[in-house]
Every structure is written in C-alpha cells, then in structure tokens.
Amino acid sequence: LNTISEELIASIRTIPDYPKEGILFRDITTLLSDPRAFRRAVDALVQPWAGSKIEQVAGIEARGFILGGAVAHQLSAGFLPVRKKGKLPFKTIEQEYELEYGTDTIEIHCDAVKPGEKVILVDDLIATGGTAEAAVKLLRSAGADIVAACFIVDLPELQGRAKLEALDVPVRTLVEFPGH
Ligand code: PRP
Ligand code: MG
C-alpha cells in the first residue's frame, strides 16, 4: 500500500534540463490530470484547517490558482488571486521580489483583504521561497492574518521553508524532492 506521499511523488513528472541545463523541473500537470492524486493532494493540503474559519485562500499566479481554487472551495472560503504585475484591473498594492536574474513584482487589489482576515497562502511548489515570502509581506501589508502557507512540493535544498518560518508563517508541504 502506497503512502499519500509516495502516490503524489509518483504522479509528478520530472523533466531534466528544463527550463535550462542542470535543472530538474517538477511538473505537476501529471498530478492534476490524475483524478485520485489531485483529490488526495487537495484533501491533504486542507486537512489541518477543515472546520476552522479560514476566510480566504490566496493563490499565487499561475500554478497556485489551480490548487488555491480547489482548496478555497473545499474550505468554503473565498479565493484571493495574487497576480503578476499588470494583470489586475482595480487599484493595486505591489511587492517586488528577487529572481535569479533581476526582480519580479506581484500584486493584489487594494481592497482584497479585510483587516484581520484569516488567510491561507497556496502554491504548487516552494523553491527559494522568494515568491511566497513576497506574497506573505504583501498580504500582511493589506491586513491579512496569515494562518499558514501550503505547497504540494518542497525543494528543501533551496531552503524556502526557513524564509517563511522566519516570518512566523507555519509551512505545510506534502512531498520533498532532492536537488534543485
Ligand atoms: C514557480 C512555482 C512557484 C515559484 C517558486 O512559479 O510555481 O510559484 O516558482 O519559486 P521560489 O520559491 O523560488 O520563489 P513561476 O514563477 O515559475 O510561475 P508560474 O507559476 O506562473 O508557472
Ligand atoms: Mg508559480
């Protein structure tokens, strides 16, 4: 009998040298297309908060939208899109973060969070943690109470978890892969 982690690991496809040489790309589209793995991943992500009053689930564009929508539905919470710069139509607040080369910026609408609202952050994967850290800062600056951040995949060598824990954000991940 496979454990949930073994089943999820088996459902994730690894593509060597994508998007560049030396990178092992962990592709969750194969998890998403597997009905049983998709349900088990979403169920496992929400399990600690079933029955608690989470008001919003914030998903990070783009892959965090797929999971965040499912998680929000499961928790009967709202969904809050954290978008790449320039996509949201109303007034926004933004947060910049470092990439390997240069910077990127994420945004939310200025009225996306009510003060003190309980929010869970969701993304498919945490690598360096730079994206999630920026999302936490952005959501907090809007008044969110970040209850936790959850991800299907952790790449522990890149130490993203520590970045969020340094901000006092509990981190939940379902599977780990060695390497980058
Ligand atoms: C990937 C992944 C996470 C982020 C993790 O998204 O989906 O959002 O990188 O990296 P980090 O922990 O080092 O910040 P990407 O920016 O490639 O975009 P996508 O989700 O739109 O495909
Ligand atoms: Mg992403």
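The values are calculated or read from the model by the stated rules, or taken from the named source; none is laboratory data. Please read all numbers here as calculations on a predicted model, not as lab measurements. Neighbour counts are summed over all protein chains in view; Cβ atoms, including those assigned to glycine, are modelled from backbone coordinates with ideal geometry. To get the accessible areas, we keep the full protein, side chains included, count just its heavy atoms, and leave off ligands, DNA and RNA. Shrake-Rupley method; radii C 1.70, N 1.55, O 1.52, S 1.80 Å.
Counting only protein chain heavy atoms and rolling a 1.4 Å probe, the accessible areas of H109, H73 rank, largest first, as H73, H109.
Where the centroid of each part is defined by its Cα atoms, how far is the range 110-125 from the range 2-29 in Å? Taking the Cα centre of the range 2-29 as reference, the centre of the range 110-125 is 28 Å away. Within the shell defined by Cβ-Cβ distances under 12 Å, the residues around V46 carry a net charge of +2, with Lys and Arg each +1 and Asp and Glu each -1.
Remark: relative contact order (the chain) = 18 percent; criterion is Cα-Cα distance under 8 angstrom and separation of 6 or more residues. Within the straight-line cut-off of under 19 Å between alpha carbons, the aspartates and glutamates reachable from K53 are D43, E117, D145, sequence neighbours fewer than 8 places apart in one chain being disregarded.
Computed from phi, the 3J(HN,Hα) profile of the range 124-134 under the Karplus parametrisation 6.51, -1.76, 1.60 (θ = phi - 60°) reads 6, 8, 10, 10, 6, x, x, 5, 5, 4, 5 Hz, with x in place of Gly and Pro. Close amide-amide hydrogen proximity is noted between D124 and G64, each under 5 Å apart and 5 or more residues distant or on a separate chain (H modeled in the peptide plane; Pro and chain starts excluded).
For A148, the residues 5 or more places off, or on other chains, whose built amide H falls under 5 Å of its own are L121.
Name the lysines eligible as straight-distance cross-link partners of K87: C-alpha to C-alpha under 25 Å, and not fewer than 8 places from it in the same chain. Hits, sequence-local ones excluded: K114, K118, K137. Once the 1.4 Å probe is applied to the protein heavy atoms, the range 30-154 comes out at 46 Å² accessible per residue.
In order along the range 152-168, phi translates into HN-Hα couplings of 6, 10, 10, 9, x, 4, 8, 6, x, 3, 4, 4, 6, 5, 5, 9, 6 Hz, rounded to whole numbers, per the Karplus curve 6.51 cos²θ - 1.76 cosθ + 1.60 with θ = phi - 60° and x for Gly and Pro.
Straight-line cross-link partners of K85 among the aspartates and glutamates, defined as a Cα under 19 Å from its Cα and at least 8 positions apart when in the same chain: E61, E94, E96, E98, E100, D104, E107, D111, D123, E133. For the chain, the fraction of 1.4 Å probe accessible surface lying on carbon and sulfur atoms is 52 percent. Along the chain, counting only chymotrypsin sites (Phe, Trp or Tyr not before Pro) with a DSSP assignment other than H, G, I, E or B and at most 14 other Cβ atoms inside a 10 Å radius, the longest segment between sites is 1-89. Only protein heavy atoms count here; under a 1.4 Å probe, C150 has an accessible surface of about 0 Å². Sorted largest first, the spans of the alpha carbon positions of the range 6-138 along the three principal axes are 41, 41, 22 Å. Each residue of the range 19-36 is assigned a 3J(HN,Hα), and the resulting list reads x, 8, 3, x, 8, 9, 7, 8, 9, 8, 4, 6, 5, 5, 7, 9, x, 5 Hz, derived from the Karplus form 6.51 cos²θ - 1.76 cosθ + 1.60 (θ = phi - 60°), x at Gly and Pro.
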